[in-house]
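Reviewing the structure listed below.
The values are calculated or read from the model by the stated rules, or taken from the named source; none is laboratory data. Quantities reported herein were computed from a predicted structural model and do not represent experimental measurements. Please note: Cβ atoms are built from the backbone with ideal geometry, for glycine as well, and neighbour counts cover all protein chains shown. Just so you know, the surface numbers come from the protein's heavy atoms only, side chains and all, with ligands and any DNA or RNA stripped out. Shrake-Rupley method; radii C 1.70, N 1.55, O 1.52, S 1.80 Å.
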Amino acid sequence: MRILFASSEAYGLVKTGGLADVSASLPAALRRRRQDARLVLPGYPEACRNLVDATPRPGPDGAPWQIIEGRLPGTRLPVYLIDWPEYFQRAGNPYSASNGMDWPDNAQRFAGFARAIVALARDEAGLDWAPELIHLNDWQTGLVPLLLDPERTGVERPRTVFTIHNLAYQGLFPASTVQDLNLPADLWHPEALEFHDQLSFMKAALIFADAITTVSPTYAREIQEPVHGMGLDGVLRARSADLHGILNGVDYSDWDPARDRHIAARYSAEDLAGKAANKAALQTRMGLETNPDIPLLGHVGRMVDQKGVDLLHAACTPLLEAGRIQLALVGSGQKDLEHATGALARAYPGQVGVHIGYDEPLAHQIEAGSDLFLMPSRFEPCGLNQLYSLRYGTPPVVHATGGLADTVVDATPENLEAGTATGFSFTPDSVAALGAALERALALYTARGDGHWEQLMHNGMARDFGWTASADAYLALYREQLPRRSRRAKAASAL
Ligand code: ADP
Ligand code: GLC
């Protein structure tokens, strides 16, 4: 099947979070299944620099953009970068300037990206290739299903699957943007583009896409309820039959302690000896006291309200005060959370090590060197770090929500007895509940040698969250979207 995978970031080209991991590894997994998957991304400077075998090609006649064709580093995955200098050739990250403020023309930038995707879908740039299906991701690609809507355009078009990676980011803009972007004025109502008097790119996708997915079964249920629906739960309930929860996979060629090139010593479930060396190396790097016995708790992530960093601070403070734990954190985001995290490190020198910023090798070193991994997210569509920590023998402590609930098995006495436990989960998302989970975790850690802790590590390391099952689920969903005629033709040609 010819699949165009459209995203605003992809690991290897440009990354701010888990969307990049998925956008690199899912299309690659589809290609391993002999599907003709290709990736399209905005041509940010960093993406242009990282693209392999970059070859410029003209865009459609008269278009203010051209295409840079190439491959994703380390793979054979074809990539098209939309090289639109006015919108994408600027320093900073894909969504915001270096001062952290969103680019003021984000509506124009990503509407432009959507129109370029539509041009590729119709092969207007003469690539001699047009997709049968477009897989769109998050609000940045949200206008594509509307722009391709056959009822408006009257032409055949590829099918569209839209994935919600995070409902908290909806692409909301002032009402006047509808005119600025030349969108159909008759769609300005709450059953289409309007969300409380604002234009919503996300809502447009939820209404016009052929199918909708999100990145875990639990999050698919949660977003149909007011608590996690972010005001779109009604729209999602109305499309319930077309909404599917498919868990993200992990790319174990990047995230496996047996072959990780970023860590001090490699190790595996069969030979865990290297884990202690990673702990010592992490303690040294983060300025912590080198002590093999004190429990070292790690955290990696965007510092935003979603991730519960404030809960982490509050629950860990008494444990730090009592000298019972060490903390190693890397992350960046909201200034208030960055400052509070820096203050914690200053208050507990030698016990708390913090790096504010984005540091890929350090993320690997924290996964490998910590004893426990903290993810007290208030909500978490899927979450990848807990999956990495399972593979690294670093049991996660998670709030039982979204993908965290779907992937971590709590170390209750029953689950320990049954040999299924992989970590610790708690609810509700309160300091007290996190504190209680930490006490359970520390008790089990302190009693290591009695077999339970070792079993927990081994159970987590043995779980397989690779892409096989998830890529198959996406492929099955894509096939359901194709028009019957072409499905029959496919079946006939397969005979
Ligand atoms: P989200 O997409 O909400 O940020 P995920 O858990 O799905 O959360 O994915 C986060 C990804 O980004 C992981 O690969 C994680 O290692 C990485 N990451 C986040 N913040 C940092 C950081 N400051 N330094 C290095 N890697 C980071
Ligand atoms: C989002 C979510 C995260 C998910 C990632 C990839 O950023 O916050 O939970 O793992 O997308 O799907």
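Exactly one condition in (1) open to solvent by less than 10 Å² (accessible area, probe 1.4 Å); (2) farther than 18 Å from F373 by Cβ is not met by D450; state its number.
(1)
Looking at R152, R221, which one is of a type in the set (K, R) and either within 16 Å of ligand 2 (Cβ to nearest atom) or within 28 Å of the chain's Cα centre (by Cα) (or both)?
Answer to the check: R221.
Within region 362-382, identify whether any single residue is in contact with a His (Cβ under 8 Å, 6 or more places away or on another chain), open to solvent by 30 Å² or more (accessible area, probe 1.4 Å), in a loop (DSSP other than H, G, I, E, B) and in contact (Cβ under 8 Å) with a residue 24 or more places away in the chain, and answer yes or no.
Within region 362-382 (the criterion being in contact with a His (Cβ under 8 Å, 6 or more places away or on another chain), open to solvent by 30 Å² or more (accessible area, probe 1.4 Å), in a loop (DSSP other than H, G, I, E, B) and in contact (Cβ under 8 Å) with a residue 24 or more places away in the chain), the answer is yes, since at least one residue qualifies.
Can you pull out the residues in region 135-192 that are at positive phi and polar (S, T, N, Q)?
Once the filter is applied, which keeps residues that are at positive phi and polar (S, T, N, Q), region 135-192 yields only N182.
Failed condition for M230, given (1) open to solvent by 40 Å² or more (accessible area, probe 1.4 Å); (2) away from ligand 1 (no atom under 16 Å from the Cβ); (3) touching a Leu at 6+ places or on another chain (Cβ under 8 Å); (4) within 30 Å of W467 (Cβ to Cβ), with all others met?
It is condition (2) that M230 fails.
Go through (1) open to solvent by less than 30 Å² (accessible area, probe 1.4 Å); (2) outside any helix (DSSP H, G or I) one by one and return the number of the condition L146 breaks.
(2)
With the requirement that a residue be under 12 Å from V79 (Cβ atoms), in a helix (DSSP H, G or I) and within 16 Å of ligand 1 (Cβ to nearest atom), what does region 1-41 give you?
Residues satisfying the conditions are S23, A24, A28.
Does V118 fit the bill of being open to solvent by less than 30 Å² (accessible area, probe 1.4 Å), among the β-branched types (V, I, T), within 18 Å of K203 (Cβ to Cβ) and in contact (Cβ under 8 Å) with a residue 12 or more places away in the chain?
Taking the combined requirement at face value, the residue does not satisfy it.
Within region 378-401, how many residues are within 12 Å of ligand 2 (Cβ to nearest atom), of a type outside the set (A, V, I, L, M) and closer than 14 Å to V300 by Cβ?
Residues meeting the conditions: 5.
Of all residues in region 11-53, how many are among the small types (G, A, S) and under 16 Å from A116 (Cβ atoms)?
Total satisfying the criteria: 2.
Scan region 155-183 residue by residue and report those that are more than 16 Å from ligand 2 (Cβ to nearest atom) and either buried (at least 16 other Cβ atoms within 10 Å of the Cβ) or at pLDDT below 95 (or both).
Within region 155-183, V155, E156, R157, P158, R159, T160, L172, F173, T177, V178, L181, L183 qualify.
Taking into account only those residues within region 338-368 that are among the small types (G, A, S) and in contact with a strand residue (DSSP E or B) (Cβ under 7 Å, 6 or more places away or on another chain), which is nearest to ligand 2 (Cβ to nearest atom)?
A363
This table checks each residue for (1) acidic (D, E); (2) assigned to a loop (DSSP other than H, G, I, E, B).
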| residue | (1), (2) |
| --- | --- |
| P73 | no, yes |
| R90 | no, yes |
| N99 | no, yes |
| A107 | no, no |
| I117 | no, no |
| L120 | no, no |
| E124 | yes, yes |
| H135 | no, no |
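Take region 302-329 and flag every residue that is part of a strand (DSSP E or B) and within 23 Å of E439 (Cα to Cα).
Scanning region 302-329 gives Q326, L327, A328, L329.
How do the strands (runs of 3 or more DSSP E) wholly within region 180-293 filter down when requiring 2 or more residues that are farther than 30 Å from L390 by Cα and either assigned by TED's automatic domain parsing to the domain that holds Q170 or hydroxyl-bearing (S, T, Y) (or both): which remain?
198-200
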